[in-house]
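Once you've had a glance at the structure underneath, I'll fire off some questions.
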Amino acid sequence: MPYGLLFTCLILLGTSRVALTVRIQPFVFPEKAVVGTKVSVMCTTVEEIPTVQFRWYKNGSPLVTSESNSRVRLRTFPDVSNLVIGPLEEGDSGNYTCTGTTKSRSDSHTEVLSVLVPPKWIHEPQDANLREGQNLSVRCEAKGHPTPTVQWKLKGNRNVAMANDSRGGLLTISKATKDVAGTYVCTADNGLPDKLSREIRINIFGENSP
């Protein structure tokens with residue numbers, strides 16, 4: 001090899017783009033989300049990604065916040081989005097989806113919010129008067145989530161011939177006698193505070209009473 005020659009070796013490194021995978025970290029709503037309270041969930045990615053665009057949906061439609069609907073609030077940052085709903089209303093129940101999107105990838109997670117509602121009267125029972133031998137039906141209905149259990153009871157230790165329907169809301173007395181007169185209590189309970197209770201008086205008059 002002749003002297004005085006200089007050889008240079010050049011190594012060219014190619015550049016490649018690595019597409020980051022977007023994976024949304026699952027979030028969970030509280031099991032006991034009672035009407036009137038507040039819920040808060042965070043949506044973020046499993047991996048550290050510089051900038052992610054977060055969007056929220058309820059039952060497939062974009063979740064929109066506004067000054068007129070201040071109960072639903074979104075606080076979004078480059079790496080996390082916080083959804084706050086409160087005070088909760090019954091209509092807030094539904095499927096909530098958070099999507100995270102970059103220029104090339106996206107992912108989503110959906111969770112169900114089930115708002116619990118204490119019992120409310122649909123049909124509140126009232127006092128009743130009837131003659132001996134007559135039939136009587138008194139309805140007691142309540143709504144809520146979960147569906148309340150409705151029951152009738154007679155105050156005191158007496159046993160009387162009365163019947164409840166399959167849901168417990170209809171009190172039926174056939175061929176009334178004076179011994180069925182008394183104070184009856186209808187209760188509606190679904191396991192939440194402030195169960196409903198209503199007392200009524202059933203009066204039985206003789207056949208010849210005016």
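Where a number appears in this text, it was derived from the coordinates with a stated rule and is not lab data. Here the structure is a predicted model, which is why all the values come from computation and not from measurement. Here the Cβ positions follow ideal geometry from the backbone for every residue, glycine too, while neighbour counts run over all protein chains shown.
Suppose every Lys and Arg Cβ carries +1 and every Asp and Glu Cβ carries -1, with no other charges. What dipole size does segment 24-115 come out with about its Cα centre, to the nearest 20 debye?
180
Sticking with this one: Which FRET efficiency value, to the nearest 0.05, is calculated for S197 and V46 with the Förster distance at 45 angstrom and r the Cβ-Cβ distance?
0.35
Run the paramagnetic zone check for R23: 7 angstrom along Cα to Cβ, then residues of segment 95-131 with backbone nitrogen under 13 Å.
Taking a point 7 Å out along Cα→Cβ of R23, the residues of segment 95-131 whose backbone N falls under 13 Å are 107-108.
Over all distinct alpha-carbon pairs, what is the Kirkwood Rh of segment 24-115 in angstrom?
By the Kirkwood definition, the hydrodynamic radius is 13.5 Å.
If the reach is capped at under 20 angstrom between alpha carbons, list the lysines near K143, excluding any in the same chain fewer than eight residues apart.
Straight-distance partners of K143: K32, K120, K153, K195.
Take K175 and D127, extend 7 Å from each Cα along the Cα→Cβ direction, and tell me the distance between the two endpoints in nm.
2.9
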